[in-house]
Amino acid sequence: MLQLTSSQRDAVAAFKAFLEGPAQVFILRGAAGTGKTTLVAEFLQYLRAQNRESTLMAPTGRAAFIIAQKTRHAASTIHRAIYALKGIKSAAGAEGADTSLHSLFTLKTNEDSTDTVYFVDEASMVSDAF
């Protein structure tokens, strides 16, 4: 069994309190190598034991692959989780010019239960500008 540090145990307790409280966002911060990924794995294990759904996402395919490997939980890119391919459109060029194809995406309808917990790894890579 994994032995957590006292600060990691505090983080687990804070996460459990978050799940019971009114807050909609829980931010886990820490420098590289402090055990954030280990904690996410613990959070996911706790949610499974509570029969709560979770979704694990990251900004890039590589980051999603790594977090999935380390937590042993399926992960996807943020884009794959929230967008659906609507279609492909051909943009005809001038006569004799090549045409280009454009992928059209739409937001997916969220069909997850209302108590699903969403994890975004490497969230600092996501812009907060509108």
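The values are calculated or read from the model by the stated rules, or taken from the named source; none is laboratory data. Keep in mind that this is a model prediction, so the values were computed, not measured. Here the Cβ is made from the backbone with ideal geometry for all residues, glycine too, and neighbour counts use every protein chain on show. The protein model used for the area step is the full one, side chains on, heavy atoms only, and it has no ligands, DNA or RNA in it. Shrake-Rupley method; radii C 1.70, N 1.55, O 1.52, S 1.80 Å.
Taken together, the residues in segment 64-80 that are surrounded by fewer than 18 Cβ atoms within 10 Å (Cβ to Cβ) and either in a helix (DSSP H, G or I) or in contact with a Lys or Arg (Cβ under 9 Å, 6 or more places away or on another chain) (or both) amount to 7.
Report yes if some residue within segment 110-122 is free of Cβ contacts under 8 Å to residues at least 40 places away in the same chain, touching a strand residue (DSSP E or B) at 6+ places or on another chain (Cβ under 7 Å), open to solvent by less than 50 Å² (accessible area, probe 1.4 Å) and in a strand (DSSP E or B); otherwise report no. Among the residues of segment 110-122, not one is free of Cβ contacts under 8 Å to residues at least 40 places away in the same chain, touching a strand residue (DSSP E or B) at 6+ places or on another chain (Cβ under 7 Å), open to solvent by less than 50 Å² (accessible area, probe 1.4 Å) and in a strand (DSSP E or B), which makes the answer no.
Among the criteria (1) without any contact (Cβ under 8 Å) to a residue 24 or more places away in the chain; (2) in a helix (DSSP H, G or I), the one residue 86 does not fulfil is (2).
The residue of segment 35-53 that is farthest from residue 117 (Cα to Cα), among those that are under 15 Å from the mean Cα position of the chain (by Cα), open to solvent by 30 Å² or more (accessible area, probe 1.4 Å) and in contact (Cβ under 8 Å) with a residue 12 or more places away in the chain, is 37. The set of residues in segment 1-45 being of a type in the set (S, T, N, Q) and in a loop (DSSP other than H, G, I, E, B) consists of 3, 5, 24, 34. Exactly one residue out of 98, 112 is farther than 30 Å from residue 33 by Cα, at pLDDT below 95, more than 22 Å from the chain's Cα centre (by Cα) and acidic (Asp, Glu), and it is 98.
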